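Take a look at the structure below.
The values are calculated or read from the model by the stated rules, or taken from the named source; none is laboratory data. Source: prediction; values computed, not measured. Here the Cβ positions follow ideal geometry from the backbone for every residue, glycine too, while neighbour counts run over all protein chains shown. We work out accessible area using only protein heavy atoms, side chains counted, and drop any ligands, DNA or RNA first. Shrake-Rupley method; radii C 1.70, N 1.55, O 1.52, S 1.80 Å.
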Amino acid sequence: MEQVEGGEGASPEPSDVRNELSGKVAGPAIQAGAIHGDVNITMTGPLPVAEDTDEALAEELRRSSQIWRARFSSVDLVNLPRVAMLTQGNAVAAAARRAGLDSTRPFGGQGMAPGEFIQIVRPLFETWDAEAVMLCERTAEKVHRGLLVSFESAMRCSNPPEVPLKEPTGVLTKDPHLVFLVGARKVVITFDPRWLTTATANTTLHEAAREPLVFSGIGTVASVSEEGHIRISALVFGQPETLVQAQFDYLKRSVLPEPPGLTLADFRNELSRSELSQLYGDQSQGRETVSRKSVALLFDEDEVLPGQIDRDVLTQVSRVVPEYRRDLGVAVASLFFDGNGVAAADLAAHFLAREPALWKSLTVPGFTTLIRSCNLAVATVSGLSEEQAADLHEAMREAVTSYLGYVEVDRNLPLHERLLPERDDYHVVGAELRLVYSAARRYLDEANGEDLEAPLDEWRQRGLFSRVEWEEDLEQSAAEQKEASMIMEAWLNAQSE
């Protein structure tokens, strides 16, 4: 055993005491002995290293993957030939054709077509569904060559490109590239400057050579050095939209007076990692209260099959709301925004704004893009506490790819009253699911020979609820009965005349 000096005098004679675990423990051997009050420790063999298996690493990266979407103020680079290799590349290629671009040639020298292309493709990136690993301190040590990653950070540009734009040489000390740090790891983003979209994009890179600018984008990992430094080959990058830009864009597009209750948080860039958290507003206030809310969950209707939204919502409701607290109403419908000449920005603002502010995850610029770019569906869930609503939102966001976000329901808002479903399709009580019907609907189903047990059997087979039954909406049945009586009375009066 190694000897160290401690206190006065020499070390004591070696002891005959033997380590009973010696030779029986895998890994390094550790011995300790008291020497005049000090502790002497000797370790032989290397420290154990917990290496991830390939399966565990793949699973960790899978969990770190998320849908990449970006709201840009400027799209500075789109490498058209390489973007075409992605599943979503077809939409980008279609945008290039629509703009009149020759996609086999870089943007330079193609006149006004690149600018038109950017106008078309910019909102496209807000609704993309490219799945990529978000590059951060947690994932940086696990990424490998060929992995698709997303990035956003303040970066500097080294060797900003000179006009005329030339093909990269492959020598990093000569080629333009962006540089930033993820923890202690250096990240280098290389790009082909011939695919810079505009002259302004080149100017921006020269500005980034003088001081860091925030860029957001997506690319593939080209290499990881022995020191852990990461090199990424960029597919798309640009600068995230700011609050000021989002507000200006709204005012430019709007034709109606601004609704009361709009705040800075309504124009935040929720797709940007660099967005300041304080702009979200304190939505945690009131989470401990017992007040119940109705929320409208929004979906991309183009991405779902019939009945899928019903199943997804009720599945997640059964996960996040305890049985003893369930007394919920659920309805599902298409969401039709017929503007009649009203701008999409106005529809978004008047759907989301109220004073006091509605509880929501959607923003005016984000919702504006959704209204303009896809068909929407909605599921309303009533009877939730704010804490349950927050948990349901997180569960839907993680589990359902077609889910877009939520907004608190207020029937006093004209657009909510006109567009959201009035009657529940389902009633969830404890561990029971009740399918809601009215007298007129039941009469039509029976007249058409519908199997009334089929919907019940379908839900019973799913096993989410201990009991599945029909439940009559007595109020709706009474209203239908009254309407039918009025029609019959009018018909009889007409006959008697």
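Multiplying the sequence separation of Q110 and A454 by 0.36 nm and subtracting their Cα-Cα distance, what value in nm do you get?
117.9 nm
With 18 Å as the cut-off, how large is the P(r) tail for region 343-497, expressed as percent of Cα-Cα pairs?
Of all Cα-Cα pairs in region 343-497, 72 percent lie more than 18 Å apart.
Roughly how many Å² is the accessible area per residue of region 156-238, as a whole number, for a 1.4 Å probe?
Heavy-atom accessible area per residue stands at 46 Å².
Carbon and sulfur: what percent of region 328-411's accessible surface (1.4 Å probe)?
Its accessible area is 45 percent carbon and sulfur atoms.
Evaluated at 10 °C with a viscosity of 1.306 mPa s, what Stokes-Einstein diffusion coefficient in µm²/s does region 409-497 have when Rh comes from the Kirkwood expression over alpha-carbon pairs?
Estimated diffusion coefficient is 101 µm²/s.
May I ask you to compute the full-extension gain from R418 to E303, defined as 0.36 nm times their residue separation minus their alpha-carbon distance, rounded to one decimal in nm?
Extra length from R418 to E303 when fully extended: 39.0 nm.
Leaving out ligands, DNA and RNA, what percent of the accessible area of region 159-238 is carbon and sulfur, probe 1.4 Å?
Of the solvent-accessible surface of region 159-238, carbon and sulfur hold 53 percent.
Cut-off 19 Å, label point 7 angstrom out along Cα-to-Cβ of Q481: give me the residues of region 397-425 whose amide nitrogen falls inside.
Flagged as within label range: none.
Would you work out the charge dipole size for region 359-493 about its Cα centre, treating the Cβ of every Lys and Arg as +1 and the Cβ of every Asp and Glu as -1, and quote it to the nearest 20 debye?
Dipole of region 359-493, to the nearest 20 debye: 560 debye.
What spacing in nm lies between the two simple spin-label points modelled at Q495 and N159, each 7 Å away from Cα in the Cβ direction?
Taking the two extended label points, one gets 9.1 nm.
What order do you get for 396-405, 186-195 when each peptide is scored by the mean count of other beta carbon atoms within 10 Å, highest first?
The most tightly packed comes first, giving 186-195, 396-405.
Between R138 and R97, how many nm apart are label points set 7 Å from Cα along the C-beta direction?
Using points 7 Å along Cα→Cβ, the separation is 4.0 nm.
Going 7 Å from the Cα of E355 in the Cα-to-Cβ direction, what parts of region 234-278 have a backbone nitrogen less than 11 Å from that spot?
259-263
With a 1.4 Å probe and all protein chains left in place, how much accessible area per residue does region 363-497 have, in Å²?
55
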